[in-house]
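Asks: One structure coming up, written as C-alpha cells, with questions to follow.
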Amino acid sequence: MSWTKTKVQNLGSGLPSSSLTVDGEMVEAVEELVYLSSKQTSDGDRCLEIMRRIGLASAVMSSLRKVWNNRQLCVDTKIHVYIPCTCAICSSLWVRDMNAVSLRHQET
C-alpha cells in the first residue's frame, strides 16, 4: 500500500475529517479528490464535477474545430467523427452517475 497516495475523506456527513494514523503511518485528510475519473467533494456538491466535465467535453470538441470547418469533408464523415465523441462523453457521465449511486448505497 502506498501511504503517500492514500487519502481519507468524509463524504457528506459529520465533521470534516482530520488526518489519522494507520499502522504508524499518517493518512492525509482531503476535502476533494478524483476517484475513477470523478471529482468527489466532502460536501457532496456535484456542481464542480459537472462544470469540470463540461470543460473537458468543450476542450475536446473545440480541438476538432479543423474537422468541423473543413469543406473537403462531407457531412456524413463529420457525423462519423461527432457520434463517437458524444458517446464517449455520455458514457463517462453515465459511469460517474453510477459511481454516485454506488456511493449512496454504501452510505446506507
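The values are calculated or read from the model by the stated rules, or taken from the named source; none is laboratory data. Computed from a predicted model, the values in this text were never measured in an experiment. A quick note on method: Cβ atoms are made from the backbone with ideal geometry, for glycine too, and the neighbour counts reach across all protein chains shown.
Asks: Looking at 25, 32 in this structure, which one is acidic (Asp, Glu), over 30 Å from residue 81 (Cβ atoms) and surrounded by 13 or more Cβ atoms within 10 Å (Cβ to Cβ)? Give the steps one after another, and end with the answer.
Replies: Numbers: 25 fails: surrounded by 13 or more Cβ atoms within 10 Å (Cβ to Cβ).
Within the list 25, 32, the selection yields 32.
Asks: Kindly indicate the residue of the range 10-24 that is of a type outside the set (Ser, Thr, Tyr) and at pLDDT 80 or above and also nearest to residue 53 (Cα to Cα) among those meeting that condition. Don't jump to the end; show me each part of the working.
Replies: The initial filter retains those residues of the range 10-24 that are of a type outside the set (Ser, Thr, Tyr), namely 10-12, 14-16, 20, 22-24.
Then drop every residue that is not at pLDDT 80 or above, which leaves 20, 22-24.
Details: 20: 32, 22: 34, 23: 37, 24: 38 Å.
In this case the residue turns out to be 20.
Asks: Residues that are free of Cβ contacts under 8 Å to residues at least 12 places away in the same chain and under 24 Å from the mean Cα position of the chain (by Cα): does the range 66-80 have at least one?
Replies: Within the range 66-80 (the criterion being free of Cβ contacts under 8 Å to residues at least 12 places away in the same chain and under 24 Å from the mean Cα position of the chain (by Cα)), the answer is no, since none of the residues qualifies.
Asks: Taking the conditions exactly as written (β-branched (Val, Ile, Thr) and at pLDDT 80 or above), does residue 67 satisfy them or not? Give the derivation first.
Replies: On the way: β-branched (Val, Ile, Thr): yes; at pLDDT 80 or above: yes.
It is true that residue 67 is β-branched (Val, Ile, Thr) and at pLDDT 80 or above.
Asks: Quick check on the range 53-65: of everything there that is surrounded by 14 or more Cβ atoms within 10 Å (Cβ to Cβ) and within 30 Å of residue 9 (Cα to Cα), which residue is farthest from the chain's Cα centre (by Cα)?
Replies: 57
Let's see how each residue does on (1) aromatic (Phe, Trp, Tyr); (2) outside any loop (DSSP other than H, G, I, E, B); (3) at pLDDT 85 or above:
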| residue | (1), (2), (3) |
| --- | --- |
| 26 | no, yes, yes |
| 45 | no, no, no |
| 48 | no, yes, no |
| 53 | no, yes, no |
| 57 | no, yes, no |
| 61 | no, yes, no |
| 72 | no, no, yes |
| 88 | no, yes, no |
